[in-house]
Amino acid sequence: MNQTTPKTLHYRKARYDQDFIRKSTGEKIFNVCNLIFMAILLIFLIYPVLNVLSISLSNETQVMAANVTFYPIGFNPQAYRTIFADGELWHSVYNSFVVAFGGCALSIIALCIAAYPLAFADFYGKRLYSIIIMFTMWFQGGIVPLFLTIQRLNLYDTLWALILNGLISAYNVVIIRSYFNSIPFSIVESARIDGANDFSILFRLIIPLSKPVLATVSLWVIVGHWNDYMNPLILVSSTSKFTLQLKLKSLVLAAESSTSNLSTLSQTTDHKGVAALSTQVKNAVLVVSMVPMLVIYPFIQRFFVSGVMLGSVKG
């Protein structure tokens, strides 16, 4: 077992100092400026998140006075109590997980099946097939045709309406097709010579070799379903089918309506606290909706970067 001795550490430090000294003055200035720029950019990116979290946890008096910046003033988790006290919240979380992850699994299969012929097949009408897919990126039917189609398919007010509506995206098909093109065609030819059909090649060979791009697209699909508000608003009417975004929106509306009904809450809080509650709930809603995606992202971060870069090698 290798052990790091003080002599080894001294040697590494000397090599690092030597490499740093070898850099020209221009390179040193560029590195310093780059670090300063990235630090400023990080502040601009992280401040809104800290501000939202701080407002959701601050005292209502400080919120109304607009004194909260990037840290809570007067700890008060009342907004989170209001959100988690609703018994239907966890059912809406369950619905969102079903739509996001179930829709992601079906979407990845459908996208791979759609992209495979574009990358490895040679058939009559391939150009027309590609044009039909690309056509959906430029033109869409609109909200009314979508609603009527879902209604006539007897999918209205079901989670299947949300899953199937976002099953295939032309942009994702192009990304996956581009990554498939980076796989040597000789691998596919060898599998065909060995007697494998297209479905075996796709599911047993191509998909295992395409984990980076599939992880990247999976993240896009999951985040898209998770943050989707318009489609559930149009295609779902029962509260039992509400996704998290719809449920959180209803909690925000309930908190806002409390500002016009102060008499019913006068026994538990003062008027200023009631007025601030809606603002606190709005920010707490943002935090609650962000947390699941922040938990998932670190596990697929390494696939995310490599998938985007490798998927853009060929067009």
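Can you tell me how many residues within the stretch 55-81 are within 12 Å of V281 (Cα to Cα) and in contact with a Pro (Cβ under 9 Å, 6 or more places away or on another chain)?
The qualifying residues number 4.
Given the condition assigned to a helix (DSSP H, G or I), in the same structural domain as L106 (by TED's automatic domain parsing), out of contact with any helix residue (DSSP H, G or I) (no Cβ under 6 Å at 6 or more places or on another chain) and charged (D, E, K, R), answer yes or no: does some residue in the stretch 160-179 qualify?
No; the residues of the stretch 160-179 include none that is assigned to a helix (DSSP H, G or I), in the same structural domain as L106 (by TED's automatic domain parsing), out of contact with any helix residue (DSSP H, G or I) (no Cβ under 6 Å at 6 or more places or on another chain) and charged (D, E, K, R).
Restricting attention to the stretch 79-92, report how many residues are in contact with a Leu (Cβ under 9 Å, 6 or more places away or on another chain) and surrounded by fewer than 16 Cβ atoms within 10 Å (Cβ to Cβ).
1
Filter the stretch 113-131 for residues that are assigned to a loop (DSSP other than H, G, I, E, B) and hydrophobic (A, V, I, L, M, F, W, C); which is surrounded by the fewest Cβ atoms within 10 Å (Cβ to Cβ)?
F123
Here is a yes/no grid of residues against (1) crowded, with 16+ Cβ neighbours inside 10 Å; (2) farther than 25 Å from F203 by Cβ:
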| site | (1), (2) |
| --- | --- |
| S58 | yes, yes |
| Q62 | yes, yes |
| A65 | no, yes |
| V68 | yes, yes |
| P77 | no, yes |
| G102 | no, no |
| L111 | yes, no |
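Scan the stretch 61-88 for residues that are free of Cβ contacts under 8 Å to residues at least 12 places away in the same chain, closer than 20 Å to S289 by Cβ and not basic (K, R) and jot them down.
Answer for the stretch 61-88, where residues must be free of Cβ contacts under 8 Å to residues at least 12 places away in the same chain, closer than 20 Å to S289 by Cβ and not basic (K, R): F84, A85, G87.
Among A196, A215, which is the only one that is modelled with pLDDT under 90 and part of a helix (DSSP H, G or I)?
Checking each option against the conditions leaves just A215.
The values are calculated or read from the model by the stated rules, or taken from the named source; none is laboratory data. The structure displayed is predicted, hence computed values, not measured ones. Note that each Cβ is placed from the backbone with ideal geometry, even for glycine, and that neighbours are counted across all protein chains shown.
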